[in-house]
Every structure is written in structure tokens, then in C-alpha cells.
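Below is one structure, written out as C-alpha cells, with a few remarks after it.
The values are calculated or read from the model by the stated rules, or taken from the named source; none is laboratory data. If you're wondering where the values come from, they're calculated on a predicted model, not measured in any experiment. Here Cβ is always computed from backbone atoms with ideal geometry, including for glycine, and neighbour counts include all displayed protein chains. Quick note on the areas: whole protein, heavy atoms, side chains included, nothing else; ligands and nucleic acids left out. Shrake-Rupley method; radii C 1.70, N 1.55, O 1.52, S 1.80 Å.
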Amino acid sequence: MATEAHEDQAEIRGIGHSVKRKEDARFIRGKGNYIDDIHLPGMLYMAILRSPFAHAKLNGIDASRAQAVPGVVAVVTGELMAQHNLAWMPTMSGDTQAVLVTDKVRFQGQEVAAVIAEDPYVAKDAVELIDVDYDALDVVVSPQQALASDAPVIRDEKDGQTDNHIYHWESGDADATDRAFADADRVVSLDTFYPRSHPAPLETCGCIADVDGATGQATIYMTSQAPHAIRTVFALVAGLPEENIRIVSPDLGGGFGNKVPVYPGYVVATAASLLLGRPVKWIEDRSENLISTGFARDFHMHGELALKNDGTMLGLRTSLLADEGAFHADAQPSKFKVGLFHVVTGSYDMSAAHVVADGYYTNKAPGGVAYRCSFRVTEASYLIERLVQNAAYELGMDPADLRKKNFIRKDQFPYETPTGFVYDSGDYHGAMDLALEKIGYAELREEQERKRAEGKLWGIGLASFTEAVGAGPHKDYDILGLKMNDGAELRIHPTGKGILKISSKTQGQGHETTFAQIVAEEIGIQPEDIKVQHGDTDNTPYGLGTYASRSTPTVGAATAMVSRRVIEKARKIAAHLLEVAEEDVEFTRPTFSVRGAPDKAVTIQDVAFAAYTNFPDGMESGLEAAYYYDPPNLTFPFGTYAVAVEVDRETGVWQVTRMVAVDDCGVRINPMIVEGQIHGGLTEGYGIAAMEQITFDETGNCIGSNFIDYLLPTAVETPRFELGETVTPSPHHPIGAKGVGESATVGSPAAYVNAVIDALWPLGVRNIDMPLTSAKVWEAIEAAKAPA
Amino acid sequence: MEISVTMNGTARTADVEPRMLLAHVIREEFGLTGTHVGCDTTSCGACTVLLDGSPVKSCTMFGVQADGHEVTTVEGLAGADGLHPVQVAFQEEHGLQCGYCTPGMMLVGAALLERNPDPTDDDIRWAISGNICRCTGYMNIVKAIQTAAKAKAAAPAAATA
Ligand code: FES
Ligand code: FES
């Protein structure tokens, strides 16, 4: 039974090992395979003409000058798309979105026409030569304008749509909340705007559509975080048979939610390839990415927290206005109109909460995506953590003490919140205590007193977040009716190596390494011997993809479960090899042995070989299984972040002097990768707090359409992070893990802002809306100085 | 226009339009796709290559401006004796996630170590300040360049780029 030499004694590098990443081998050599690196024979290039107006009637398009440019193969307009019934497409929220405009443009940057050419430079040249006749219309750039009775109706093409209202949504118990407020000694309120930001992965979006006219096979290489869902949407949109559609998502240069939706460019490129019979490549430039693809947030929030004088929290009320842009294209579970915002009671034990939300159309880009966030958990966490901090000052309590007084206690889990979540596990006091200890909270507060006496502006901010991630259980979670369950397939080859095929799609999270570690943990084959395949719909099981921190909670669980299925069969083969009954076989990875006779043993590698060479009569050969995981609940990661800042009174410049992040994401599969995820999230959180913002002028011009206006943190101003961890496993997840990719973007913005407000509170500053640019901080200081 | 470039140590020629950006010449004409494009405004550094040993943003030069010069891309970082210490250190210290910024970051790091073999945290952060990373938060990139500096110091002969 000689397979190959394997070190039985070698430690299995499963869960808890900082295994170096397998994917790095290609990336450090410049051998990644990103969308723009793919080149197909006969490929054409597409460029898109976008509207300069935010709202304008389209009178006509004259493409004759563009068509005459040598090298131009075709110009595609909305009229042509309409002939194929493709001028509009469904959105992830069940609305419709124009693919190419036919009636009027509804946001600046909207797709008007596309040029297909032999060369990408020629395609761009020709776009400039398309003549479009527009009549500008009045513009709506905020939900407050949108709800005015005389506001122009943006979606006048929709039957029965007579205003700009999209949805009204409530969660929680209004009466119980009223009663809680009636009992309160004090109500602390906050109005704050979570500005429009953009995930801005370093690689923009793009695709290559390759439709074979002879066979009807459509292979679409696409920057997609959710290739399977996209395949189904394409089948529905284009009426193509689903078995003929293959979506291949290659290496992605980041995603952060930006690469979840279907964008018009994908549909136009596919239609063009179908019509022309040649592959068509479309790669966005950065401006196109920032002005037209999935933005995030843009959420006007009002919150009220009811408290007793001793700090006991009684209830929470929030009302929200969502600016959805011109098409309602949020990518989120269909049952929840503002995502999982109703997790807004956060880490606190209170008896009642009520959330009211209204969404409006505006003349802005559509596609509310969760920028490194589980469906508006970020906005929720920000609101409650800002409210709690302000409440502490108003009560004259230390913000850490107020939090600790109201934290859900360890012994209260599983804990049902007033809006219906059942938190799986937590130790909020433990994470907070560790964060305070690491930053030296008591000493910092003393230091702050001394600095204040010297006239310096010093602040310490906390945030103790709870996230809801891993959507989700099929009865509550679907997108366009597709249940948010995910699959894994594991096949072990005769030589004891294997391949794991998963429905999630890595964008830098390291799935090729961590998912192999889960297999290693379960079956005892080293992670380097397990190849992980993802992103190709023809070669991976169905699932809804990677976003909202769902890969570990769903696909991670499926991977553990499929490994256990493989072990079930392996045990039978081992019994056959060991010539004992199955019940007498014990498995201690990687070895199957006879109960009571540990010397009689075979390894998983021996069993794998036998599965193809020496299996019992009546058994199917091979060693493989599939598993589709339906999570019994979400998972609820948490943590406390503590930030110290110094604010320059004269300039408003603020600097982070300390940043301590204690995260509890349950069991950590690969601690090195987990820490990397947290570093990245803390940086994007800092960007959101300090600089990232997309604004619009009153005519709907997008300000923030490039990296000169839309600022991203560089290495110089990014804080230096100090990390800590506590581990509270998820009781329902097969390996106790919770998902961590977004915790830091969810939790950290409030910590940074709370630190700046902490510094400025004695001056009378109560709130500054993000991003806290030095100009805004300076203005707040100046306004506080002015006599009231 | 015909241009002659020493690409990663090998003499290469290409016939390019005068307006073609160096980044596109490298990717399309020379087929070296490790050089990435992330913006339109010289802001992100994903396209960084070394021109005669110094980092430049190849999206902000025309290919014709590289005529007669030496260009090093990520594909040229490894030597005959294996990976450059910066490449090894990026993997070792988890200095990359999606990998899109990585070629530019590693080239800037390698060039820095030629000038300054023992850089401080701040030296490194300023050196890479023209390169955006959306994934890592820079902590491990800084660490990787420090680790590479140590590795180079320990084995100076084997570690010249
Ligand atoms: S692509 Fe050259 S700096 Fe961004
Ligand atoms: S690793 Fe993704 S941008 Fe740096």
C-alpha cells in the first residue's frame, strides 16, 4: 500500500496556524491574472460614453462621426439595446436600471452609448465624437430635495411612480419604544450624516465577454465577487440558457463590495460580443469607477437614546433617510430594505428599539453597496457608538463606564435583541477590558487632564461594535429569491492530495490558503496539498459569493462539513483496510486506527489510495463529497477599539497617536491573515472618518471622481495599529469562526470620530459629520469659540 | 515610432504610437502584465516601474520617453539566484492581500534599499507614500521592507537587484 512518503509525525497546519499564503507565489512574481491581463484572440475593446448631465431628456444620438473613425467596429446605443429587449435590466433590489439610456439620463456618468473598436485608444477617441442632443432638466441631489412635493420625478418611466419615494421600512416595536422613552430621565439625540463613500478597490471593474455564435456558449470573464449569482441574473436578463453561461472571475484587485452588482458595461459588452461574434473587453477607468459603480452609505440618520440618570439604557429610536441614487440597486437581502441596520442596538442590553427608514431616488449614481460592511451594519454601529459617547458626557460618566454598565453580559447569550437578532455569543466586557488595558486608558485620561491644563486638545475615543455577518439562514435571507446558502466540494486524489471547490471568491482575503487549512484541520492533509478552486461557475458549486463577511460563516462552514462527509466514507474504507468493523475505527488526523490497538493504523493518504485501488465490494470508488450549507443563524463578531488623538487648535489637523483594536471573531483560522484583514479595515475606516467622500454640486456634478478629489489614506498618515484579541467561538458554526473581514471598517470610524469629539467636547463641540477634514474640524473649533 | 528599451536586462524594441503610455507599452507590447493600472491621475502607484533604477509611474510617461533607457518591472526583480529579498519578505510578512499594488510597492521598496540599506519606519512610509494600498493598511508592507533590509544586510552579495 505504498503511496508516497508522508511525514505522519508532522504537525498538521490546520486552524490556528499562520500558514504563509499560497496565492502569494504568483503575485510577488507579477504573475497574477487580473481581468485586464486576459487577452483573447480577435478581441475588441469597448469604451463607454457617459452623460455630462445629471438629469436631462435625450433627444437623439448621432454616431456618424464616431462610426467613420478607422478601427471602429460598432457603436451601441440604447435604441439598439431596446431592439433586443436589453435597454433595461433588473437590479439586485428588484428595481430596474437603464443599461443604455433611451428616454432621459438620471445621473451624471450614466451610460449613454458604447463604441467597440479594434484598439482601446481608438475606442476612446471615437467616444468623443458621438454627438448627443440633451435638454437639461431640474436636478435632485439629496433625499430632502427628493421628498419635496414639487421635486421633479426621476423615475417617471415607472408605472404608478408619481414621486421619488422608494420604500418605507420599519423594524422593532414602536409602542414598546414609546413606553421606554416615557420612563426615561433623559433622552440624548444625534443627527448625523454618513456620507457617500466608494469602495474604490485598486483595480477597477471590467469584463471580457466571449459569446460563441456557433455554440451559443457565453464565457464572461468578469470582476465579480459573486459569479454564481451573476450567472443566474445574466440568464434572466439576457434570456440566455444558464448552462451556456460561464462566468469566470479571475484574480481580483480588491472588491470591498464594489464588485458585487451587475453593471451596464457587462451587459453591453455581452450584447456586443453576441452581435459581432468576437470577444469584447471593457475595462473601466478610475473616473468611471468612482462616478458610476456601487457607492456606499449616503445615509441621513437621526437617533435618540433613552436613559436613566444612572446610565441605564432603556430604548433607542432611529429615523433614516437613504439616498439611493437614480435606480434602487442596493445589493442586499431582499427582506431588509436598509440591510441589517436594525442591529443598531449594538452591544447594549435594552428592552426596546424602533427603526424607521425611507429611501428616495436622486440624480446620483445608483448601487448602494456595503463597502466592506455587512449591509449597513456600519451605519448602525456608527450611530449607536456616537450616541453612547455623547450620552456619557451628558450624564457626566466616563464613556467606558457607561458602555460597561449596559453591555450584554456574557451569561445573557444567546441574546435576543429588540429588533429580532439572536446574538450567538459574546464577551463584551472582556474585549473592552483588554482594549483599555492595552492603551493604558486610566493613565491616558490623567495625561489628558494635564494636556488640557496646558491648553492642548487631546482626545480618547472608544467604540464597542457588534456586527451581524454571515447571511444567512434560508428562511430570512435571499437576493432576488436566491437563498444565501453556499457550497463546497472536496475531492481527494489517489496520491492523497486534493482539490476543494468553493462558491466564494477571494479578492485578497486568502481563501486559497485558509480554506485549505480548514480541510487540513478536519482530515489531516496539509494545506499545501489541497488546491482551492474558486471564481469559475463551470467548476465550482453554487453559492452567493464573497461580501458582507459571509465567506467564513457560510463557505467556511460548508468546507468543514464537506470534509466531515469525506471522513465518513474514509472511515468505511479504513475499516476495510484494517479488517475491523467501522465502529472500531478511531480517527485522529491524519490516522485511522483500531480502537484499543493503536499500532494497527492507516493514514488518510493510505485511505485515499485505497479509494481508487482497493475499496470494499459494493462501495462506489473515489473519495469526494459536496455540501451546501444553510447557516442556522448569523454570526456576531465584536470588539472594542480605542483611539487617542491630538488636535491642532490652529489648523484643525488631527493626528492619531495610538490606535488599539481588540477583535473577537471567534476561532481564528489563520491569525496572520486575520490581522491583515483588521489592518486593512482599520485603514479604510480611517479613510472614511478622515477623508473619503463623494459629494455633488447643486447641478449634480460628482465631486470625487478621481483620486485627487476622492482621497485615500497613504502610508504616511495611516495610523500605526496595535492589535489584541479575545476568542469567543460561535456556538453554531462548525469550527466556531465568525467572519472578520469587515469588523474594523464597521467599528473604527466611530472610534476615530469619538476621539476627536472627546478632544473638542470641552469647547462645546458636540458633533462633526464625517469625513473629519482638518477644515471641518477647524470650523467647528472656530464656531465653538464664537459667542453663542 | 520605433523604440529600444532594455527591459529587465534584455534589449527589446517596439513600434508604438507616440501617445501610447509606457504602462501600456509594457503591458501590451512587451506582454509584461505585472505592471498594473489603478487610476488616471498619477495618484496610485500601481503602475510603478524602475527607470534606470529609480521609481517612475509608468502611466505618466509615454513609451517613447523610455527610448534608450533601462526599465525594470516586477518580472525583472528576481535574479539568477532566485527571488529578490523584497519578494521573499512580502510573502513572509504578509505584505500583500489582493496583490494589485504589490509590484509597485516591491519596486519602490527595492529602490529604497539601494539608496538606504537601513531605512526607518518613517523612511519607508515616505518612500511608499505615492503608492496606495487598499488592502493591507501598510503595516505589513513596512515590515516586509524592513525584513528585506535585514536579509540584504545578512547576505549582501546575493541580494543585489
Ligand atoms: S496607474 Fe499610474 S499612478 Fe495610478
Ligand atoms: S494588496 Fe490590495 S491594494 Fe495592496
Just a yes or no: is a residue in the range A:197-211 more than 14 Å from chain B (Cβ to nearest Cβ), more than 20 Å from the chain's Cα centre (by Cα) and closer than 28 Å to A:Val746 by Cα? no
Lone unmet requirement of (1) surrounded by fewer than 17 Cβ atoms within 10 Å (Cβ to Cβ); (2) without any contact (Cβ under 8 Å) to a residue 40 or more places away in the chain; (3) assigned to a helix (DSSP H, G or I) for B:Asp118: (3)
Give the residues of the range B:1-38 that are without any contact (Cβ under 8 Å) to a residue 40 or more places away in the chain and within 13 Å of ligand 1 (Cβ to nearest atom), sorted by residue number. B:Ala23, B:His24, B:Arg27, B:Val37
Considering residues of the range B:41-77 that are touching a Pro at 6+ places or on another chain (Cβ under 7 Å) and either aliphatic (A, V, I, L, M) or more than 15 Å from ligand 1 (Cβ to nearest atom) (or both) only, the residue nearest to A:Ala715 (Cα to Cα): B:Val74
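Within the group A:Lys569, A:Lys501, which residue is touching a strand residue (DSSP E or B) at 6+ places or on another chain (Cβ under 6 Å), in contact (Cβ under 8 Å) with a residue 12 or more places away in the chain, at negative phi and away from every other protein chain (no Cβ under 14 Å)? Can you show your working first?
Values: A:Lys569 fails: touching a strand residue (DSSP E or B) at 6+ places or on another chain (Cβ under 6 Å).
One residue alone meets the criteria, A:Lys501.
Of A:Ser503, A:Ser464, A:Ser551, which residue is away from ligand 2 (no atom under 16 Å from the Cβ), closer than 23 Å to A:Arg13 by Cβ and of a type in the set (Ser, Thr, Tyr)?
Values: A:Ser503 fails: closer than 23 Å to A:Arg13 by Cβ; A:Ser464 fails: closer than 23 Å to A:Arg13 by Cβ.
Result of the check over A:Ser503, A:Ser464, A:Ser551: A:Ser551.
Let's see how each residue does on (1) of a type in the set (Ser, Thr, Tyr); (2) without any contact (Cβ under 8 Å) to a residue 40 or more places away in the chain; (3) on the phi > 0 side of the Ramachandran plot:
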position: A:Ser621; (1), (2), (3): yes, yes, no
position: A:Asn633; (1), (2), (3): no, no, no
position: A:Thr651; (1), (2), (3): yes, no, no
position: A:Val662; (1), (2), (3): no, no, no
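Has the range A:708-725 got any residue that is away from chain B (no Cβ under 14 Å) and either in contact with a strand residue (DSSP E or B) (Cβ under 9 Å, 6 or more places away or on another chain) or under 20 Å from A:Gln509 (Cα atoms) (or both)? Explain how you work it out, then say what you get.
Step one: filter the range A:708-725 for residues away from chain B (no Cβ under 14 Å), giving A:724-725.
Going one step further and asking which of them are either in contact with a strand residue (DSSP E or B) (Cβ under 9 Å, 6 or more places away or on another chain) or under 20 Å from A:Gln509 (Cα atoms) (or both), we end up with A:724-725.
Yes, because at least one residue in the range A:708-725 is away from chain B (no Cβ under 14 Å) and either in contact with a strand residue (DSSP E or B) (Cβ under 9 Å, 6 or more places away or on another chain) or under 20 Å from A:Gln509 (Cα atoms) (or both).
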Please find, within the range A:647-672, the residue that is farthest from A:Glu437 (Cα to Cα) out of those that are open to solvent by less than 10 Å² (accessible area, probe 1.4 Å) and within 14 Å of chain B (Cβ to nearest Cβ). A:Asn670
Qualifying position, being buried (at least 19 other Cβ atoms within 10 Å of the Cβ), more than 8 Å from chain A (Cβ to nearest Cβ) and farther than 19 Å from B:Ala23 by Cα, among B:Ala111, B:Ala149, B:Ala155: B:Ala149
Go through (1) closer than 30 Å to A:Gln526 by Cβ; (2) open to solvent by less than 20 Å² (accessible area, probe 1.4 Å) one by one and return the number of the condition A:Arg13 breaks. (2)
If A:Lys22 satisfies every condition in (1) in contact (Cβ under 8 Å) with a residue 12 or more places away in the chain; (2) charged (D, E, K, R); (3) away from every other protein chain (no Cβ under 14 Å); (4) open to solvent by 60 Å² or more (accessible area, probe 1.4 Å) but one, which is the exception? (3)
Go through (1) open to solvent by 10 Å² or more (accessible area, probe 1.4 Å); (2) assigned to a helix (DSSP H, G or I) and name the single condition A:Ala516 misses. (1)
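Checking the structure you have, find out if any residue of the range A:543-553 is surrounded by fewer than 24 Cβ atoms within 10 Å (Cβ to Cβ) and on the phi < 0 side of the Ramachandran plot.
Taking the range A:543-553 as the starting set, the residues that turn out to be surrounded by fewer than 24 Cβ atoms within 10 Å (Cβ to Cβ) are none.
No, that holds for no residue.
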Subset of the range A:420-438, residues within 15 Å of A:Thr345 (Cα to Cα) and open to solvent by 20 Å² or more (accessible area, probe 1.4 Å), comes to A:Gly420, A:Val422
List pairs: first residue in the range A:167-184 and over 14 Å from A:Thr318 (Cα atoms), second residue among the charged types (D, E, K, R) anywhere in the structure, Cβ distance under 6 angstrom, at least six positions apart or on different chains. A:Tyr167/A:Lys337
Do we have any residue at all in the range B:128-142 that's part of a loop (DSSP other than H, G, I, E, B), near ligand 2 (Cβ under 10 Å from one of its atoms) and of a type in the set (Val, Ile, Thr)? yes
Consider A:Ala74 carefully, then state whether it is in contact (Cβ under 8 Å) with a residue 60 or more places away in the chain and crowded, with 24+ Cβ neighbours inside 10 Å. no
Could you check, for the range A:394-401, whether at least one of its residues is open to solvent by less than 10 Å² (accessible area, probe 1.4 Å) and in a helix (DSSP H, G or I)? yes
Pick from A:Val153, A:Val99: which is surrounded by 15 or more Cβ atoms within 10 Å (Cβ to Cβ) and either in the same structural domain as A:Thr417 (by TED's automatic domain parsing) or among the β-branched types (Val, Ile, Thr) (or both)? A:Val99
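Say we look at the range B:91-107 and pick out the residues that are buried (at least 24 other Cβ atoms within 10 Å of the Cβ) and part of a helix (DSSP H, G or I); which of these is nearest to ligand 1 (Cβ to nearest atom)? Reasoning before the result, please.
First, pick out the residues of the range B:91-107 that are buried (at least 24 other Cβ atoms within 10 Å of the Cβ): B:94-107.
Those still in the list that are part of a helix (DSSP H, G or I) too: B:102-107.
On the way: B:Thr102: 14, B:Pro103: 11, B:Gly104: 8, B:Met105: 12, B:Met106: 15, B:Leu107: 12 Å.
Among them, the one singled out is B:Gly104.
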Of the residues A:Thr683, A:Thr695, A:Thr714, which single one is within 30 Å of A:Phe515 (Cβ to Cβ) and of a type in the set (Ser, Thr, Tyr)? A:Thr683
Of everything in the range A:343-369 that's open to solvent by less than 10 Å² (accessible area, probe 1.4 Å) and not in a loop (DSSP other than H, G, I, E, B), which residue is farthest from A:Ala146 (Cα to Cα)? A:Tyr348
Filter the range B:44-90 for residues that are open to solvent by 50 Å² or more (accessible area, probe 1.4 Å) and at pLDDT below 95 and give the result. B:Ala80, B:Asp81
Can you tell me which residue in the range A:279-335 is nearest to A:Met770 (Cα to Cα), limited to those that are crowded, with 24+ Cβ neighbours inside 10 Å and polar (S, T, N, Q)? A:Thr318
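Take the range A:628-658 and flag every residue that is in a loop (DSSP other than H, G, I, E, B) and hydroxyl-bearing (Ser, Thr, Tyr). Reasoning before the result, please.
The initial filter retains those residues of the range A:628-658 that are in a loop (DSSP other than H, G, I, E, B), namely A:630-634, A:636-637, A:648-653.
The answer is A:Thr651, and nothing else.
Within the range B:25-43, count every residue that is more than 8 Å from chain A (Cβ to nearest Cβ) and open to solvent by 10 Å² or more (accessible area, probe 1.4 Å).
Step one: filter the range B:25-43 for residues more than 8 Å from chain A (Cβ to nearest Cβ), giving B:25-26, B:28-31, B:42.
Applying the additional criterion that residues be open to solvent by 10 Å² or more (accessible area, probe 1.4 Å) yields B:28-31, B:42.
The qualifying residues number 5.
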Find the helices (runs of 4 or more DSSP H) located wholly in the range A:24-120 whose residues include 1 or more that are within 31 Å of the chain's Cα centre (by Cα) and under 30 Å from B:Val88 (Cα atoms), and list them. A:24-27
